[in-house]
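Below: the structure, in structure tokens.
What follows draws every value from the coordinates through simple rules; no lab data is involved. Since this is a predicted model, take the numbers as computed values, not measurements. Using ideal geometry, Cβ is built from the backbone for each residue, glycine included, and neighbour counts are taken over all protein chains shown.
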Amino acid sequence: MDTIVFIGTNKSGSSREAIKAAKRLGFFTAVFTDRPQFLEQIAQFPDVDHMILRDLSNLYTLKMAILKLKKEGKTIRSILSFIDPYVHVAAALAEQICTSIVSSKQILTMEDKTLTRRLLKNLSVSPYFAVFHPEALLQDFLPRQERHLPLIVKSPKSAGSKDVLLATSKKELKTAIKKLAKKYRGEPVLLEEFISGPQYLIEAVVYKGTVYIIAVIAQDITFQHRFIVTGYSLMPYMETPFYNSIYDSVTSIVQALGLKNGACHFEMRLADGEWKLIEINPRISGGAMNRIIEIGYGINLVEETIQLFLGNEPRLARKHSKYVYAHYLTVSYEGILSKVTGRERASKIPGVEEVFIKPKKGKYLRPPLTMGDRYGYVLASSETSIEEAKKMAEEAAKEISFQLEDEYSYDI
């Protein structure tokens, strides 16, 4: 039985949609997870044929379990992951167990932000950066960085916004470095120049060395304690010089990485007419991204990524072009979720394509400190303008209310 193995999944978003796509394509789906509760909730995963509990960072135990599937008669066609940091794990296993056209070496470079920065340091897209090593003395390191403030301080191997800190003073810089050095003992800490300017997310596919820009999305970013993306604007139409500058920048990065096949997304900022790379990840962006592109262009990017990994030519031509805006939902205070109201009213607003609410009753919610503290989204589309799509999404979002109870209140 032709089988696709997935290393990790979330309940929703791009990783889950990839499993659904594989099932739709006729494959047996085997999913490895490190979340015991998923096995208890297996009825909520009708698209998963076989779920297996394993440590997802242990290549040996994963390999043995996959080989066991082969002995049971499964033909392993591909091993995939759409979740950090397991994209490299999946690619490494695929190289050992089945045919793979994607190199785990390039994926590892993209997953480790320090490796990425060093490889791209001579490109114009690369901002100033420095690496603090755990064996170094902080008092010797800090004076050399003061003139580069403000700086972004991050963990090289964490994809979470919770580990991206802004330092505007020497004191904040020292505190941020010490915080991450303590949290990730023995690991280096990466410092990057803070780039001001509009930020864009670029979804790209590389097939046989050719770069295809699938989507360019403007990001709305709010900063309280962390950088949180709360809005995404799909840009179906762009001025030719603007698009060409993106394409040239992305192509230069892909060529420096030596990437011949794969899917990846870039976060870039336009500063003084120059593109600067904020981050690159070897997969489609999570959350609503696959749905944004599918609504806007008729392209199911996770499905085409699967085709790419199977060695087939991905179908990347647009079926149509719409403006799409994704408005993410957050809360302004913490508490236990008792009820969500307004979902139906929001869904009925003209232009609204989808309303997704993530948390269930009884879940603890808080104001956003990480991207995981976004509790749903509204997708709206327009044939005429992104402003119209955004207006409809925000109007719908106002209908939705998360009713929270005090965390410490109990019914007696």
- Out of 133, 329, 401, whose Cα points farthest toward the positive end of the dipole of the chain (charges: +1 Lys, Arg; -1 Asp, Glu; placed on Cβ)? 133
- Message: Using the alpha carbons of region 2-100, what is the convex hull volume per residue in cubic angstrom, as a whole number?
- Response: 89 Å³
- Item | Selection from 61, 41, 29 lying farthest towards where the dipole of region 18-66 points positive, charges on Cβ | 29
- Query: From the residues 145, 75, 104, which one has its Cα farthest along the dipole of region 48-192 in the positive direction, the dipole being from +1 and -1 charges on Cβ of Lys/Arg and Asp/Glu about the Cα centre?
  - Reply: 145
- Message: Calculate the FRET efficiency for residue 320 and residue 255 from the Cβ-Cβ distance with a Förster distance of 45 Å, rounded to the nearest 0.05.
- Response: 0.90
- Query: How would you order 322-333, 177-188 from highest to lowest mean count of nearby Cβ atoms within 10 Å?
  - Reply: 322-333, 177-188
- Note on the structure: About its Cα centre, the chain carries a charge dipole, from +1 on Lys and Arg Cβ atoms and -1 on Asp and Glu Cβ atoms, whose size in debye to the nearest 20 is 920 debye
- Task: May I ask you to compute the full-extension gain from residue 344 to residue 162, defined as 0.36 nm times their residue separation minus their alpha-carbon distance, rounded to one decimal in nm?
- Result: 62.3 nm
- Query: With helices defined as uninterrupted DSSP H runs, which ones in the chain have an alpha carbon span along their own long axis of at least 24 Å and mean Kyte-Doolittle hydropathy of at least 1.6?
  - Reply: none
- Query: Which lysines have a Cα less than 25 Å from the Cα of residue 183, not counting those fewer than 8 places away in the same chain?
  - Reply: 113, 154, 157, 162, 170, 171, 174
- Query: Quick one: 110, 238, fewest Cβ neighbours within 10 Å first, how do they rank?
  - Reply: 238, 110
- What is the magnitude of the charge dipole of region 173-262 about its Cα centre, with +1 placed on the Cβ of each Lys and Arg, -1 on the Cβ of each Asp and Glu, and no other charges, expressed in debye to the nearest 20? 720 debye
- Note on the structure: With the convex hull built on the alpha-carbon atoms of region 199-405, volume per residue in Å³ sits at 128 Å³
- Cα convex hull volume per residue for region 128-193, in Å³, equals 72 Å³
- Task: Could you work out the local net charge near residue 90, counting Lys and Arg as +1, Asp and Glu as -1, over the other residues with Cβ closer than 12 Å to its Cβ?
- Result: -1
- Task: Could you give log10 I(q)/I(0) at q = 0.20 Å⁻¹ for region 38-164, computed by the Debye formula over C-alpha point scatterers of equal weight, without solvent?
- Result: -1.23
- residue 105 paired with residue 194, simple spin-label distance in nm, labels 7 Å along Cα-to-beta-carbon: 3.8 nm
- Stokes-Einstein D in µm²/s, Kirkwood radius over Cα pairs - the chain at 10 °C with 1.306 mPa s viscosity: 70 µm²/s
- Item | For region 24-66: Kirkwood Rh in Å [reciprocal of mean 1/r, alpha carbons] | 11.2 Å
- Task: Report the local net charge at residue 55: Lys and Arg +1, Asp and Glu -1, summed over other residues whose C-beta lies under 14 Å from its C-beta.
- Result: +2
- Task: Would you mind working out the magnitude of the charge dipole of region 128-193 relative to its Cα centre, with +1 at each Lys and Arg C-beta and -1 at each Asp and Glu C-beta, to the nearest 20 Debye?
- Result: 280 debye
- Message: Between 35, 374, 144, where does the largest GNM mean-square fluctuation fall for the chain, given springs only between Cα atoms within less than 10 Å?
- Response: 144
- Task: Using label points projected 7 Å from each Cα along Cα→Cβ, tell me how many nm separate residue 313 and residue 274, to one decimal.
- Result: 3.9 nm
- Message: Which lysines, if any, have their Cα less than 28 Å from the Cα of residue 74, not counting same-chain residues under 8 positions apart?
- Response: 11, 20, 23, 63, 105
